[in-house]
Amino acid sequence: MGRSTIVLQRECFEITELQRYLLQVRRVLKGKPATRVEELLDSLFAEISCCSSILSSRLKSLCADDHTVDLQQTPAPEYFWRIPDGNAGCIEMLDSLHSAYAHCARTTAESMSAIAQLDDPESFAVLSWVWAATRQALYFLGACLAGMLPEWKPTSPPVGFSTGIQGSTILLRMA
């Protein structure tokens, strides 16, 4: 399972970077956009936090058997998402966030392909769920940019995981 851990470690890094970027966007836009946009950003943050937790849980479960993997070791970033300049409006910020999610969806699809070749169905299920969550975020961000914002529906967790919502925090636990 050593190769699976490398793929998942890279994916965990990508999701964490997206989570950090989304947090920056939320801070910059706090109180500026319409309430529905703020609610979307809050929902996106809850969903990406859930993705990060599930990926970390899967990675830790694989590493329990493979003591050679260092969870603190992360790949060097190939990019850095940056907040558009201080004069950027809500549309520019959401467009930038949409691009970040598109990048993440692409890298998740690449990770799924690699994991499929390694014959690791549990990790593939986790990555499939992360991919579905990023694709859904792309849909909602695209709808928001087009001026139509449907009500957010969180994606269902992968088999073997359940989510419990307490306030705005999503907790994960093995089912």
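Over the Cα atoms of the range 16-65, what radius of gyration and what Dmax do you get, in Å?
Radius of gyration, then largest Cα-Cα span, for the range 16-65: 14.0, 48 Å.
Report the net charge of residues surrounding SER49, where surrounding means a beta-carbon distance below 13 angstrom and charges are Lys +1, Arg +1, Asp -1, Glu -1.
On the way: positive: ARG20, ARG26; negative: ASP42, GLU47.
Net of charged neighbours comes to 0.
Among THR107, THR134, rank each residue by its count of other Cβ atoms within 10 Å, from fewest to most, as a rough exposure measure.
On the way: THR107 19, THR134 28.
By the 10 Å Cβ count, ascending, the order reads THR107, THR134.
At 7 Å along the Cα-to-beta-carbon direction for both ALA143 and ARG27, put a label point, then send me their distance in nm to one decimal.
With each label point 7 Å from Cα toward Cβ, the separation is 2.9 nm.
No lab work stands behind these numbers, since they all come straight from the coordinates. These figures come from a predicted structure and were not determined experimentally. Positions of Cβ are backbone-derived with ideal geometry, glycine not excepted, and every protein chain shown enters the neighbour counts.
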